[in-house]
Amino acid sequence: MEVILLQKEEFAMGNKYEKHIAKRLAYENPSLVKVLYECPCNIKEKQNHHPDYLKPLEVYKLCRSCHLAEHERLRALAALSAEHISIASPLTDSLTAVNL
């Protein structure tokens, strides 16, 4: 049995419907949104990134550039996961071990 190190947010990538519901809940209930991380960029307009679609009100507030970089990191991780390579997230240091 091999162990792969992945970020928690990789486990609940979700489907399009889950993404839609997560976005709508966060948009309609901004006072309930829990910001887990906010990028340090000096840009006022931030986008919500949902690391776990099962927790739609928990978001990362990222500028467009950081948001695109995070999605690129997630795509790279998905592509490399077959080769058992982990990529550390710039957003968090916590890694989770998963048995596959």
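The values are calculated or read from the model by the stated rules, or taken from the named source; none is laboratory data. Small disclaimer: the values here were computed from a predicted structure and weren't measured. When we count neighbours, we look across all protein chains shown, and the Cβ atoms used for this are built from the backbone with ideal geometry, even at glycine.
Numerical summary
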item: Leading residue by the ranking (nearest to Tyr27 (Cα to Cα)) among those in region 45-61 that are in a strand (DSSP E or B) and touching a Phe, Trp or Tyr at 6+ places or on another chain (Cβ under 8 Å); result: Asn48
item: Single residue of region 38-57 satisfying the filter (surrounded by fewer than 18 Cβ atoms within 10 Å (Cβ to Cβ) and at pLDDT 90 or above) that is nearest to Asn15 (Cα to Cα); result: Gln47
item: Scope region 25-37; condition out of contact with any Phe, Trp or Tyr (no Cβ under 7 Å at 6 or more places or on another chain), in contact (Cβ under 8 Å) with a residue 24 or more places away in the chain and either surrounded by 10 or more Cβ atoms within 10 Å (Cβ to Cβ) or under 21 Å from Arg75 (Cα atoms) (or both); matching residues; result: Leu25, Ala26, Asn29, Leu32, Val33, Val35
